[in-house]
1. For residues that are surrounded by 15 or more Cβ atoms within 10 Å (Cβ to Cβ) and part of a helix (DSSP H, G or I), scanning just region 121-135, find the one that is modelled with the lowest pLDDT.
2. May I ask you to list the residues in region 144-193 that are in contact with a His (Cβ under 8 Å, 6 or more places away or on another chain), closer than 28 Å to D225 by Cα and among the small types (G, A, S)?
3. Please go through region 136-168 and pick out each residue that is loosely packed, with under 10 Cβ neighbours inside 10 Å and of a type in the set (S, T, N, Q).
4. Step by step: first the residues of region 169-213, then only those that are touching a helix residue (DSSP H, G or I) at 6+ places or on another chain (Cβ under 9 Å) and without any contact (Cβ under 8 Å) to a residue 60 or more places away in the chain, then the one that is surrounded by the fewest Cβ atoms within 10 Å (Cβ to Cβ). Which residue is that?
5. Give region 90-120 a look and list any residue that's surrounded by fewer than 11 Cβ atoms within 10 Å (Cβ to Cβ) and either in a helix (DSSP H, G or I) or of a type in the set (S, T, Y) (or both), or say none.
6. Collect the residues in region 226-241 that are in contact with a Ser or Thr (Cβ under 9 Å, 6 or more places away or on another chain) and crowded, with 17+ Cβ neighbours inside 10 Å, keeping them in residue-number order.
7. So, in region 224-253, exactly how many residues are in contact with a Cys (Cβ under 8 Å, 6 or more places away or on another chain) and either of a type in the set (D, E, K, R) or modelled with pLDDT under 60 (or both)?
8. Could you list, ordered by first residue, the pairs with Cβ atoms under 8 Å in which the first is in region 139-158 and part of a loop (DSSP other than H, G, I, E, B) and the second is small (G, A, S), at least 6 apart or interchain?
Amino acid sequence: MSDEKITPARVRWARLRFGIIAPLLSSPPAPGELGASIAALAARPWRHPSTGESVQFSAKTIERWLYTAREQQDPIRALERKVPSHAGTHPSITPAVAEAIRTLRRQHPRWSYQLVRDNLVALGREQPDLGPLPGYATVCRYMKHHGLGKHRKPRRHEREPGFVPRERRSFEVSHVHALWHCDFHNAKRKVLTASGERREAVLLGLLDDHSRVCCHAQWYVGDEDTESFVHGLCQGFQKRGLPRALLSDSVARHRIAVLCPSALCGRFRPDRGKTARDLQNRPHNLGSQSESSQPSRDASVRHGGLRAKPAASVGGAHFSMAAALVRRLISA
């Protein structure tokens with residue numbers, strides 16, 4: 001992590017201010033030339049300590065910095081922004097108001113901040129002894145600081161007996177190119193073909209799990225058949241290489257075992273937004289196939305306890321091309 005991200009903003013600003021007035025402290029100008037020296041510093045551009053953009057400061061501001069730091073033992077500390085003594089506290093929230101907020105959150109854990117504040121105002125009308133009530137922004141800061149946020153309603157599978165909570169992450173693997181997500185997306189509008197027929201279009205997307213890089217995306221006219229899936233998958237392999245594992249929401253439909261017959265049998269539940277919701281997903285290892293193994297069109301896939309034969313809609317040329325590509329990428 002860079003030093004700029006670790007150092008507080010007030011310290012970075014203090015260093016910038018000291019760097020601007022440092023020539024005036026180390027080499028004071030001759031009598032009568034201080035104004036000209038400050039004007040020259042005010043005309044120069046300076047780098048913003050947080051955004052990196054070019055900024056300028058007025059002569060009055062630089063003069064104030066100079067007189068603030070000139071007689072100090074630690075000029076950088078003197079140029080820092082002073083932290084208020086009440087920082088981190090909530091002086092406008094009395095103990096009675098704080099207890100009322102906690103009671104409302106305890107009674108209604110799924111209320112929003114706005115709803116809690118509105119009911120606090122209604123409670124203040126019934127109980128004038130609460131005194132002046134804080135604003136909405138103050139209530140939000142207090143609730144966030146004390147962990148009084150909105151509680152999510154548990155899902156159906158989380159209410160089942162024997163449910164064990166698991167870690168929720170934005171990715172399932174710890175490094176790039178270890179897992180790809182693949183899925184079809186149906187277009188909202190139909191496309192007009194050359195024959196005058198309107199047909200549905202589907203988009204095949206290949207997404208890297210850790211980096212969220214789109215390895216390949218391509219539109220196809222027609223249904224989500226195996227031929228389109230194999231074609232798009234080969235395009236992604238040629239662009240990005242062979243991933244460690246592949247995750248699809250419909251193994252029986254795509255028949256990935258045509259390319260990679262060995263599959264992981266454990267249940268897999270990805271995070272929301274990666275693949276279709278409420279579907280059992282299963283990763284399939286692409287890297288375990290050896291050079292001598294030959295993918296077969298008659299290979300079967302075990303999915304959810306059922307055995308499904310690969311679809312016969314894909315010609316032998318597509319299978320030969322895909323198998324040869326996978327073998328070449330594995331041996332590379």
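The values are calculated or read from the model by the stated rules, or taken from the named source; none is laboratory data. Everything numeric in this text was worked out from a predicted model, so none of it was measured. Quick reminder, even Gly has a Cβ in these numbers, built from the backbone with ideal geometry, and neighbours come from all protein chains shown.
1. Here the residue is L130.
2. A178
3. Scanning region 136-168 gives no hits.
4. Taking the candidates together, the pick is V213.
5. Listed by number, the residues that qualify are P95, R106, Q107.
6. T226, F229
7. 2
8. Here the result reads K150/S112, each pair linking region 139-158 to a residue that is small (G, A, S).
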